[in-house]
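Below is one structure, written out as structure tokens, with a few remarks after it.
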Amino acid sequence: MTPDQSAPEPEASLADEPEVRQAIADGDRASVAAVVTGHPSSPLAWTELADLADSEGRTIESYAFASVAADLAREQLTAGGWQPGDPVSWSDEPNRAYLRALDTQRRAAEGLGLDERAARLADELATADPEAPARIASEFTPTQLITIVGGAAVLFEPAASAEAIVGDPIAEPAATDAAAGED
């Protein structure tokens, strides 16, 4: 190998955060902020908080949380030898926090009318991994921490007021030909 033929650099990667993933999986929407408090340097925790704010229409908070997530991710990537413009692969799952943060921040910037910033973030995302925007759009549903049922107490709670429904009863269907419906 000649000096001009250097070995390809390995792609940058964020640290895996199994404890953060577990805390998010075990929690609900209300517990995401506590995960961030417990792991304040976690790009993944901040990205989840940004996506939660985005799903609730809180654009300013979504932008701020995604900015923190992206900055923390850039710091981690830089500590590992990454430089802006280097690839950050979606296929490496820990990297998805950074890529999702960029996309969430881009959407929030658009919502705030920060068009030039949104364009720069879109470029940064496409430079990091050209397939990431499509993968995010097709594979990721922002904040899948939606509580489906609030608990058993909600299911069996009596109604606050019961009103009688008044109206004509639904008539029974009339049989037209008994032999026509049989096999």
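Just a few scattered comments:
- Among the residues of the stretch 60-95, those that are more than 15 Å from Gly111 (Cβ to Cβ) and either among the aliphatic types (A, V, I, L, M) or touching a His at 6+ places or on another chain (Cβ under 7 Å) (or both) comprise Val68, Ala69, Ala70, Leu72, Ala73, Leu77, Ala79, Val88.
- Out of Trp90, Trp82, sole residue that is part of a loop (DSSP other than H, G, I, E, B), aromatic (Phe, Trp, Tyr) and in contact with a Leu (Cβ under 8 Å, 6 or more places away or on another chain): Trp90
- Residue identified as part of a helix (DSSP H, G or I) and surrounded by fewer than 18 Cβ atoms within 10 Å (Cβ to Cβ) among Ala34, Ala15: Ala34
- Test: residue in the stretch 154-171 that is of a type in the set (A, V, I, L, M), at pLDDT 95 or above and either open to solvent by less than 60 Å² (accessible area, probe 1.4 Å) or out of contact with any His (no Cβ under 7 Å at 6 or more places or on another chain) (or both): no
- Top-ranked residue of the stretch 69-80 - restricted to ones that are open to solvent by 50 Å² or more (accessible area, probe 1.4 Å) and touching a residue at least 12 places away in the same chain (Cβ under 8 Å), ranked as nearest to Leu114 (Cα to Cα): Arg74
- All positions within the stretch 39-59 that are closer than 15 Å to Arg106 by Cβ and open to solvent by 30 Å² or more (accessible area, probe 1.4 Å): Asp54, Thr59
- Extreme residue, most open to solvent (accessible area, probe 1.4 Å), among residues of the stretch 18-31 that are of a type in the set (Asp, Glu) and modelled with pLDDT under 95: Asp26
- Residue list for the stretch 81-96, restricted to those being among the charged types (D, E, K, R) and buried (at least 22 other Cβ atoms within 10 Å of the Cβ): Arg96
The values are calculated or read from the model by the stated rules, or taken from the named source; none is laboratory data. Predicted model, so just to flag it, every value in this text is computed and none were measured. FYI the Cβ positions are ideal-geometry reconstructions off the backbone, even for glycines, and counts take in every protein chain you see. Side chains are part of the model used for accessible areas, which takes the heavy atoms of the whole protein and leaves out ligands, DNA and RNA. Shrake-Rupley method; radii C 1.70, N 1.55, O 1.52, S 1.80 Å.
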